[in-house]
1. Considering only protein heavy atoms and a 1.4 Å probe, what is the carbon-and-sulfur percentage of the accessible area of the chain?
2. When the chain is fully extended, how far beyond the present Cα-Cα distance does Ala40 get from Ser85, taking 0.36 nm per residue of separation?
3. How much accessible surface does Thr113 have with a 1.4 Å probe, in Å² rounded to 10?
4. Once you mark the GluC sites (Glu not before Pro) that are in a DSSP loop and have at most 15 other Cβ atoms within 10 Å, what is the longest gap between them in the chain?
5. With the contact rule set at Cα under 8 Å and sequence spacing of 6 or more, what percent relative contact order holds for the stretch 39-82?
6. What does the accessible area of Asp62 come to, in Å² to the nearest 10, when a probe of 1.4 Å is used?
7. Just for the chain, what percent of DSSP beta bridges are antiparallel, to the closest 5?
8. Over the stretch 11-116, what is the relative contact order in whole percent, taking alpha-carbon pairs under 8 Å and six or more residues apart?
Amino acid sequence: QVQLVESGGGLVQPGGSLRLSCVASGFTFSTYRMRWYRQAPGKERELVAGITSAGGSTNYADSVKGRFHISRDNAENTVYLQMNSLKPEDTAVYYCNAAYFVINYWGKGTPVTVSS
């Protein structure tokens, strides 16, 4: 049974940091590209960051470049999103995605609220 379980979300003040985690099971994690998406209320889901299967290449949305960092530990079947200098506009539900050709798996999301 495929599972992606996100954790680490919560309420944080502007300028603060959070580290999201996504633990995968039920598939060969090390062969999948991993991505973080987010969806704010009333908006479409958007790509935040991605990392290749071996972790050698990453990409980021312009809105988070220099503030967010994606990483993975293939031995622990886990992908991380370190979020620094958080802004109110980062408020959203953050989803973990695993992709291999046409195969896509999704987690249920973890909410992040940036507010004073």
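1. Numbers: 2930 of 6140 Å².
Using a 1.4 Å probe with all protein chains present, the chain comes out at 48 percent carbon and sulfur.
2. Numbers: separation 45, 0.36 × 45 = 16.20 nm, distance 1.79 nm.
Residue separation times 0.36 nm, minus the Cα-Cα distance, leaves 14.4 nm.
3. 60
4. 1-43
5. On the way: 43 pairs, mean separation 11.9, N = 44.
For the stretch 39-82, the relative contact order is 27 percent.
6. Using a 1.4 Å probe on the heavy atoms, I get roughly 130 Å².
7. Working: 39 of 42 bridges.
If we restrict to bridges inside the chain, about 95 percent are antiparallel.
8. On the way: 223 pairs, mean separation 37.6, N = 106.
So the answer I get is 35 percent.
The values are calculated or read from the model by the stated rules, or taken from the named source; none is laboratory data. Values in this document were obtained by computation on a predicted structure and should not be read as measured data. Here Cβ is always computed from backbone atoms with ideal geometry, including for glycine, and neighbour counts include all displayed protein chains. Note: accessible area is taken over every heavy atom of the protein model, side chains too, but ligands, DNA and RNA are not part of it. Shrake-Rupley method; radii C 1.70, N 1.55, O 1.52, S 1.80 Å.
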